[in-house]
Structures are given as C-alpha cells and as structure tokens.
Amino acid sequence: MIAEKCLLSAVISVRNEEKQLADCLERLTFADEIVVLLDKCTDGSRDIAARFTDRLIDGDWAIEGDRRNAAIEVAMGDWIFEIDADERVPSALADEIRKTVETSDSDWHGILVNNYIGTRLVRNGWGGSYGKPQYSGLFRKGAKQWNRQRVHPAIELTGTQGPVLQHRLDHYVDRNISDMIRRLDSYTSARAMDIRELGGGGSYGRNLRRMFTRFWKCYVSRKGYREGRYGLLIAMFAALYPILSYLKATLEES
C-alpha cells in the first residue's frame, strides 16, 4: 500500500521467484510502498507479491536494464531502494535506510553486502561480474539509470554521492557449486547476445589476458584467498566469464 506521503519506495523485479520472494518482501515493511515488477512470471510469484502490496506491474522485458528502469519509473517515492529476491534486509539496515532518507542531503548511497554461498558467509573476493561487495542501492528518484544490457547492465548516477551505509544487506547468491556453474552459463549466454548485438566483446587475445588479470584481482587484490576454496571458486568463475562470453558470441549461432 502507498502511504499518504511517499518518501521511500522499495522496488524489486522478479522472474519466477516464488521460492524466495516472501522472505524478501516481508522485510520491506519499513518502506512507504513496495513495487514488484513481474517479468514473464509463470509460477506463484504474483500471488505471493499480492500478499504484501497492490503495486504489481506485469510485463515482458528482454533486457535487464529496461526491466529495472521500468520498476524505478513507476515508483512514487522521493527515494528508491532497489533489492533482488535473493536478498534480505536485516532490521538494523532497515532502520539505517529509513534514517538516511529522512536526513540525507546527498543523491545516492552505497550499500555493503554480505554474500552467502549456501549458509557460508563469503566476505572477500567478489567482483568481476560475478558478485557485488556493495552497490548503489539507495538513491533519489532520477539519480540512477540502468543501461540496456541483458546481464550486469551498466549504471549512470547523477548528483552527489553520500556516505556508504554502515549496516549490510544479506545476499544469498548460490545454494552450492552447481548453482554457481548454472549461473555462469546463464550469465555468459546473456553476455554473448549483448556482444553480438552491441559489440564491445574485445578480441580473443584480450579476453585470454583478462582471465589472468581477473583471477588475480579477485583472488589476490580482493583477498579471495582468505575464503579458502570458496575464494578460489569465485576467482575461477570471474576469470572464465569474459572468455566464455566471447567464445559463445563468436562460435555459437544466435
């Protein structure tokens, strides 16, 4: 439901997320409205979302950036908080978000993320298009725009950046290694389609070199080695992402 004065909108775009959606939405009651964008949902996601809000938007979006922009556009709040179905807002973060939007003079704020693989908290090593240690998830309406890519769309931010929030979002990235492999396959297929349509995939040699630089960045620079074998897995998948995307784009038919 929408409050008489809508200061804060929580927005989420989903595609067949009935297994996770309720756990996410039940932690968003601190917002003045909840907007759920349902992208080609064929499961029970709509019925679940209707238990928490009447701000339901049905549609069909081929491009992730377009889908995320559509959810932001229909939100009525002065401030927008973006979240995904596999993420949870602890009460301390909810209180901090609420206080921030009521007092901030800035236009957007970063939010730190606790990433989990199964029940294991994996704090270090994320990045390289395979995870996010933080994201620009809290912003005034109009300050953030997603670009038109199918996966990991780039963003454009305008205005002033405020302090990163102190409390962390919980992100349940993958259940297990098999999930990590399936996600790599899905992400690289979507990225390959972007390369074929938009270009920007680089050369074969450049993508080979990126395997080593991305592995080093995740495993060493971002201290993935502190996470033991989990850190090794993250670095491996991050390293494979660009070369697999390139090979799919150039060797497979669209």
Subject >> Rg in Å to one decimal, and Dmax rounded to a whole Å, for the stretch 37-120 via C-alpha atoms >> reply: 15.0, 41
Subject >> Check: the stretch 106-254 dipole with +1 on Lys, Arg Cβ and -1 on Asp, Glu Cβ, in debye >> reply: 380 debye
**OP:** Assuming a ≥ b ≥ c are the square roots of the Cα gyration tensor eigenvalues, decide whether the stretch 177-251 counts as rounded (a/c under 1.5), prolate (otherwise, with a/b larger than b/c) or oblate.
**Re:** oblate
Subject >> Cα lying deepest toward the dipole's positive end in the chain, options 149, 234, 81, charges on Cβ >> reply: 234
Original post:
Leaving out same-chain residues fewer than 8 places away, which lysines sit with a Cα under 18 Å from that of residue 132?
Top reply: 144, 217, 223
Original post:
Is the shape of the stretch 188-231 rounded, prolate or oblate, going by the alpha carbon gyration tensor and its root eigenvalues a ≥ b ≥ c, with a/c under 1.5 for rounded and a/b larger than b/c for prolate?
Top reply: prolate
**OP:** Mind checking which of 94, 12, 220 is farthest towards the positive end of the chain's charge dipole, using Cβ charges of +1 (Lys, Arg) and -1 (Asp, Glu) about the Cα centre?
**Re:** 220
Subject >> Ordering of 240-253, 35-48 by packing [mean C-beta count within 10 Å, highest first] >> reply: 35-48, 240-253
**OP:** Determine the distance separating the Cα centre of the stretch 235-254 from the Cα centre of the stretch 68-112; give it in Å without decimals.
**Re:** 33 Å
Subject >> For the chain, fraction of C-alpha pairs farther apart than 30 Å, in % >> reply: 29 percent
Subject >> Relative contact order %, the stretch 177-251, counting alpha carbon pairs below 8 Å whose residues are six or more apart >> reply: 44 percent
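Since every read-out is calculated from the coordinates, none of them should be taken as a lab result. Just so you know, these numbers come straight off a predicted model, no measurement behind them. So basically every Cβ, Gly included, is an ideal-geometry build from the backbone, and we count neighbours across all protein chains shown.
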